Each structure stands twice: as C-alpha cells, then as structure tokens.
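Asks: First the structure, which I've put down as structure tokens, then a few questions once you've had a look.
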Amino acid sequence: MAPPLSRRLLPPTLRALRRCYSASPASKAVIYDEHGAPDQVLRVADVPPVELGERDVCVRMLAAPINPSDINRVEGVYPVRPPLPAAVGGYEGVGQVHALGPAVTALLAPGDWVIPSPPSFGTWQTYIVNHQSVWHKVRTDVPMEYAATVTVNPLTALRMLQDFVKLNPGDAIVQNGATSIVGQCVVQLAKVHGIHTINIIRDRPGSEEAKDKLKQLGADEVFTESQLDIRNVKSLLGALPEPALGFNCVGGNAASLVLKFLRQGGTMVTYGGMSKKPVTVPTSYFIFKDISLQGFWLQKWMNSDKADDCRTTIDYLLGLVHEGKLKYEMEVSPLTDFSLALEKAMGKHGSHPKQVIRF
Ligand SMILES: NC(=O)c1ccc[n+]([C@@H]2O[C@H](COP(=O)([O-])OP(=O)(O)OC[C@H]3O[C@@H](n4cnc5c(N)ncnc54)[C@H](OP(=O)(O)O)[C@@H]3O)[C@@H](O)[C@H]2O)c1
C-alpha cells in the first residue's frame, strides 16, 4: 500500500528560509481530531508549509470526491483509517505537479496532472508533498473531476465484472444501488463488453428520472424495489438471460432482490452496505439454487501487489472517459462550500450526485 500522505513540518525558523525552494506553500486542509459525525468533527484548517525531500513531489490538489468510505473513515467505522489527531480527510483525487525535489527521477514536470495511485489518505487539502512513487501521471484531456474519481468506484466496477464469474457477450448481470457511481460504471463497462444489465434502484422522489438516466447510459432494465415486490421476478426478464452474477451495494431487501434474479449456481458479490441492513438469505437458496456469496474490497485488491495493474487500468478507464464511453453524474463545489457538499454526500438533503471538491 502507498504510504499515507504524511506531512513533515519544518521547524518555524527554517520554514521561511526554505519555503521558496524546498517546501510546499501553506495549505488548507479538511481535518478531524476525533471520530464522529463528519458534519460535527470535520473543519477546514490552515496547515504550514511542508519540507520537500530529495525525491518528493509537491502537488497542488485540483479536485477530490467525498466518497461513502471517506465518511466511514471520519466516523471511525472503516477498518483502515489515518491516525488521529489532525487526520486529513479524503482518499483519492487529482492534482497538478507544483514542485519537484532535486533527485526526482520520475518523468514528471510542473503542470502535469497526477493522482495518488494506489490512493492514499489525505487528499482533502490544497498542497500535498509525498514521495515520487506515490504519484501516477494521468492525461489532462478529460474533465478534472473524472481524473479525481477514477480509482475508487470505476476500478471497483471493472474488477467486479472481471474477477468473479467468466462473462461472455450476451450474458447478463444484476445489481442494486445502480444509481451509485459504481452502479453507473457497471452499466457502461458491461455494455462495452456486450453484457446486459438488470438494475435495481430504491423508491424515492425522482426515481423515474433516475431510471431514464440509467437507460441512457445503456441499462437494459431498471426496476424500483417496489416493482419487484412480486412472486416471480424472472417473469420481468423478457429475452434477457438469467444472470449468473449479481452486485450488492445496499444490503437488506435490495440484496434479497439481487438473489431472486440469480440463476442456479449464481454468485452475489457484496461491495457496499448503503442501507446499513444485513444480507439475509433463505436457506433454500443455498440448498436448491447453490448460490455463492462473496465480497469485494478494492483496498485489499490493491494491497495484493496490484499497483501496476491499478495504474494500467486507470489509464484504460480514463481512455473510456475521453472516448465518451464512461460518464457519471457529479456536482463540483469549491472548498468554501465543503460543509454543504458534505451534507449532500451524507444524504442530508435527499439524493444528490457524487460531490467533488475543487481546491
Ligand atoms: N468494497 C469496495 O472496495 C468499494 C469500492 C467502492 C465503493 N464501495 C461502496 O460502494 C457503495 C457505492 O459507492 P459510490 O461512491 O459509488 O456511491 P455514490 O455515488 O456516493 O452513491 C450512493 C448510492 O447509495 C444509494 N443510497 C444512499 N443511501 C441509501 C440508503 N439508505 N439505502 C439504499 N441506498 C442508498 C444512493 O441511492 P440514490 O441515488 O437513490 O440516492 C446511491 O445509489 C458505497 O457503499 C461504497 O462504500 C465499495
């Protein structure tokens, strides 16, 4: 795993002296000193300049998203978290190379766009100093909010489509939480490979519009949970094949609906728990349907010696963005509006697109 985006503070007497050639500018960061409700414990703080080591790169952050796992880290319920106090929020994002240490050998120049890859803690700040090995140069001909969000969710969607069940063109998958970024990416990445998607979304204001948007992205079928409150959901499949693979983003009833669609011997991969409700499985599904339940955690996948694969796949995904084959809804706000963006990301104002902070 990449080292955390740690800061080495200069002694105050040296700070002014070295700032001009070997330290970052002063930074603003969204930090927390204790775990708790993110809208209670997060605050924007001034952070002094950070010394650049020989092989360090100073990056001026351009944008970073507020992902559900970022919220969970601040809450203290995510298994891997930055140490307290003065933990900086965020885990992925994009920035622009600002300055290079004297012994940097990576092919980087001021102005290049880079992302921490694999991602690292602490992307919610205006300047980050870290070792050259942390940074992966990415193309600049895509909107910055895509470069900022390409790792956690699109990569998860691609890995889940490729790593569990061998799918062939014409096959189908089923997923809940289809309006999430992962869900929107599953729809489009499946389509690129000729795979059909059956999508489940929750009942909420705007669900008809959400259905239309998913269909425009290439979804074959989109159902609200209440539409599936029938005995035989497979009667709704029409000409689509029964799916061998399902993705569970939500848990609770939405997970049961994914299971209902799966064919004999099918696999459901759980990667999120948005409803905070457990997955319950009828005994008969194990005995008579031979269903398999598995889990996916991107952070574990990236830890298992996959740093190079991670970067190659990110380049591929940004290529799809550039070609217009991968898009998803985002709302970009300045750091000054962080509090409102956070509340939207926490679901305090109903459903909103992915919140991305511009620094
Ligand atoms: N395991 C991994 O490695 C991994 C990697 C990436 C993401 N994830 C997980 O994947 C999930 C989606 O992440 P994302 O960033 O793609 O999501 P997102 O774009 O932030 O969207 C949130 C999604 O959750 C739904 N949702 C919110 N509250 C809900 C509730 N109470 N009940 C049911 N659905 C609810 C939203 O539905 P509406 O549109 O109806 O509001 C929306 O589809 C999260 O749980 C995240 O932690 C896991």
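Asks: What pairs come out if I take residues in region 63-88 that are without any contact (Cβ under 8 Å) to a residue 12 or more places away in the chain and pair them with residues that are in a loop (DSSP other than H, G, I, E, B) and crowded, with 16+ Cβ neighbours inside 10 Å whose C-beta lies under 6 Å away, six or more apart or interchain?
Replies: If the second residue must be in a loop (DSSP other than H, G, I, E, B) and crowded, with 16+ Cβ neighbours inside 10 Å, the pairs left are ASN72/TYR78.
Asks: A further question follows. If you go through region 321-328 one residue at a time, do you hit one that is within 10 Å of the ligand (Cβ to nearest atom), open to solvent by less than 50 Å² (accessible area, probe 1.4 Å) and not small (Gly, Ala, Ser)?
Replies: Within region 321-328, one or more residues are within 10 Å of the ligand (Cβ to nearest atom), open to solvent by less than 50 Å² (accessible area, probe 1.4 Å) and not small (Gly, Ala, Ser).
Asks: Conditions: (1) surrounded by fewer than 15 Cβ atoms within 10 Å (Cβ to Cβ); (2) assigned by TED's automatic domain parsing to the domain that holds VAL77; (3) within 16 Å of the ligand (Cβ to nearest atom). PRO334 meets all but one. Number of the miss?
Replies: It is condition (3) that PRO334 fails.
Asks: Also, I was wondering about something else. Taking region 193-218 as the search range and keeping residues that are more than 22 Å from GLU242 (Cβ to Cβ) and surrounded by 13 or more Cβ atoms within 10 Å (Cβ to Cβ), which one is farthest from the chain's Cα centre (by Cα)?
Replies: So the residue we want is SER207.
Asks: Now for a separate question. Which residues, taken from region 258-288, are within 21 Å of GLU221 (Cβ to Cβ) and away from the ligand (no atom under 12 Å from the Cβ)?
Replies: VAL258, LEU259, LYS260, PHE261, LEU262, ARG263, GLN264, GLY266, THR267, MET268
Asks: Out of (1) touching a strand residue (DSSP E or B) at 6+ places or on another chain (Cβ under 6 Å); (2) open to solvent by less than 10 Å² (accessible area, probe 1.4 Å), what's the single condition that is false for LYS137?
Replies: Single failed check for LYS137: (2).
Asks: Going residue by residue through region 156-164, is there one that turns out to be β-branched (Val, Ile, Thr) and more than 28 Å from GLY350 (Cβ to Cβ)?
Replies: Taking every residue of region 156-164 in turn, none turns out to be β-branched (Val, Ile, Thr) and more than 28 Å from GLY350 (Cβ to Cβ).
Asks: With respect to GLN294, determine if the residue is modelled with pLDDT of 95 or more, within 16 Å of the ligand (Cβ to nearest atom) and more than 27 Å from SER207 (Cα to Cα).
Replies: yes
The values are calculated or read from the model by the stated rules, or taken from the named source; none is laboratory data. Quick caveat: nothing in here was measured; it's all calculated off a predicted structure. Neighbour counts run over all protein chains shown; Cβ positions are idealised from the backbone, glycine included. Side chains are part of the model used for accessible areas, which takes the heavy atoms of the whole protein and leaves out ligands, DNA and RNA. Shrake-Rupley method; radii C 1.70, N 1.55, O 1.52, S 1.80 Å.
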